[in-house]
Amino acid sequence: MSALDLALRNLAAWSVQVGVLALAAAALARFLPIERPAARLALGQALLALVLGLPLLQPWHATAPAVTWSVAPSSALSGPAAAAGGAVPSAAPAGWPFAAAGLLVLGDELAPRARFLLSDKTGTPATFGLRRPIVLLPPVFASMDHERQAAVVLHELLHARRADWLTLMLEELLKAVLFFHPAVHWLVGRVRLAREQTVDAAVVRRLGGREAYLESLVEVARFAVHARAVPAVPFLRESHLRERVDLLLREVSMSRLRTLAHVALTTAALVLAVSWAASAVPLQSVKPAAPAATIAIEDKVTAPGEPKLVHQVRPAYPPEAKAEKVQGLFLIDVVIGKDGVIKDARVVASAPTAERLEALEPKKGTPAAQEGDARLAAAALDAVKQWRYAPILKDGKPVEFKATVTVNFKIA
């Protein structure tokens with residue numbers, strides 16, 4: 001099997017394993033729902049790490065550096081004036097009164113060093129960058145009241161503080177590399193939904209109410225139809241809007257104990273699913289080439305006439321001996337009957353090598369030396385006993401005769 005064939009086989013096996021993992025995750029999300037977005041986000045990120053670590057059976061994690069924030073300078077541009085002034089600059093600095101309202105809500109720990117830009121190229125707020133993040137705001141933002149503006153600003157600053165842009169870029173890279181697998185796209189989508197719901201919950205907690213935030217979601221959604229794709233953390237994804245609003249309206253309160261129980265059961269079920277998939281469709285590796293082995297055979301006839309070997313069975317190199325690189329040379333005396341069948345066969349001398357056998361050749365009247373491996377000797381005898389010769393005739397009658405067969409097991 002070529003390296004390319006092996007790589008394609010392993011890619012197909014890995015794809016099946018990831019598909020099983022995604023199907024199991026989808027089924028478990030329905031039967032064992034985890035209502036806490038933060039727990040669901042952590043589980044989803046662990047699944048993405050497992051997707052990458054399946055070939056190595058180890059997790060992968062990405063961490064973001066901590067960032068401190070300070071207040072950005074404001075410009076003379078005001079929101080309502082910009083909205084009434086006709087064309088909006090493609091990336092105009094934003095300095096509305098929302099900044100003061102936003103900081104009252106955020107507190108010192110979230111005071112941003114982010115730059116706020118008003119852009120007519122996007123239909124939804126979005127944040128990108130790490131050290132000095134930039135928040136793009138759509139034109140509709142200027143017409144919002146201060147409470148809704150504060151909700152939008154708080155949402156984007158939380159994304160910036162969490163360094164979600166870096167995570168988003170890593171997810172986009174993962175989708176680009178594994179573009180062919182729909183399960184990867186589904187898992188990334190679920191992770192992003194959980195991230196947005198986690199930030200939604202944090203915004204509602206800090207605002208002390210959900211009305212202004214829900215209104216901001218709906219208002220932005222009206223103008224997000226023609227939003228252009230930007231490499232940033234968006235305030236709103238149309239496909240996620242319904243689920244985000246539904247969770248905010250339901251105000252689900254899942255106890256910590258129940259959350260831990262569902263996470264533990266889900267994790268155990270996913271481990272079982274992945275284990276089954278890995279055993280059913282395992283990844284393959286190239287086995288090291290076995291050492292080349294040769295078996296040389298020579299027979300010396302001691303009886304008169306010219307025998308003809310009509311059926312020969314070659315000895316089989318025992319796998320264990322071959323793996324251990326055991327060699328051996330064997331001298332086997334055989335007695336061939338009148339019908340050409342081997343009547344008797346026995347090892348009269350053996351040694352690990354030919355040179356060793358020459359040194360151990362028996363003298364006249366002394367027993368033969370035997371130092372060969374027993375497994376090789378048995379294999380040689382088993383094969384030689386199955387040989388057949390054409391009968392040798394003497395004075396027109398078949399006679400018995402003797403022969404010496406040399407069998408050499410050698411690792412190249």
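The values are calculated or read from the model by the stated rules, or taken from the named source; none is laboratory data. Bear in mind that the values here come from a model prediction, so they are computed numbers and not experimental data. Here Cβ is always computed from backbone atoms with ideal geometry, including for glycine, and neighbour counts include all displayed protein chains. In case anyone asks, the SASA skips ligands and DNA or RNA and just uses the protein heavy atoms, side chains included. Shrake-Rupley method; radii C 1.70, N 1.55, O 1.52, S 1.80 Å.
May I ask you to say which residue of E156, E196 is open to solvent by less than 50 Å² (accessible area, probe 1.4 Å), at pLDDT below 90, within 30 Å of W14 (Cα to Cα) and charged (D, E, K, R)?
The match here is E196.
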Do you know which of the residues in region 29-42 that are assigned to a helix (DSSP H, G or I) and open to solvent by 30 Å² or more (accessible area, probe 1.4 Å) is farthest from A201 (Cα to Cα)? F31
Can you give me the number of residues within region 1-23 that are under 15 Å from the mean Cα position of the chain (by Cα), more than 15 Å from F180 (Cβ to Cβ) and open to solvent by less than 70 Å² (accessible area, probe 1.4 Å)? 2
Among all residue pairs at least 6 apart or on different chains, which show Cβ distances below 6 Å where the first residue, located in region 194-208, is touching a residue at least 24 places away in the same chain (Cβ under 8 Å) and basic (K, R) and the second is outside any helix (DSSP H, G or I) and open to solvent by 30 Å² or more (accessible area, probe 1.4 Å)? none
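Can you find a residue that is of a type in the set (A, V, I, L, M, F, W, C) and at pLDDT 85 or above anywhere in region 52-71?
Yes: region 52-71 contains one or more residues that are of a type in the set (A, V, I, L, M, F, W, C) and at pLDDT 85 or above.
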Are any residues in region 369-385 surrounded by 15 or more Cβ atoms within 10 Å (Cβ to Cβ) and either more than 22 Å from A349 (Cβ to Cβ) or out of contact with any helix residue (DSSP H, G or I) (no Cβ under 9 Å at 6 or more places or on another chain) (or both), and if so, which ones? A377, A380, L381, A383, V384, K385
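Among L249, L265, which is the only one that is open to solvent by 50 Å² or more (accessible area, probe 1.4 Å), at pLDDT 85 or above and among the hydrophobic types (A, V, I, L, M, F, W, C)?
Numbers: L249 fails: at pLDDT 85 or above.
Going through L249, L265 in turn, the sole match is L265.
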Boolean, L48 is over 22 Å from R250 (Cα atoms), open to solvent by 20 Å² or more (accessible area, probe 1.4 Å) and within 19 Å of the chain's Cα centre (by Cα): no
Report yes if some residue within region 127-147 is crowded, with 23+ Cβ neighbours inside 10 Å, within 36 Å of the chain's Cα centre (by Cα) and of a type in the set (V, I, T); otherwise report no. yes
Go through (1) modelled with pLDDT of 85 or more; (2) buried (at least 23 other Cβ atoms within 10 Å of the Cβ) for A114 and report which single condition fails. (1)
Hey, among the residues in region 388-404 that are part of a strand (DSSP E or B) and open to solvent by 90 Å² or more (accessible area, probe 1.4 Å), which one's farthest from D333 (Cα to Cα)? K397
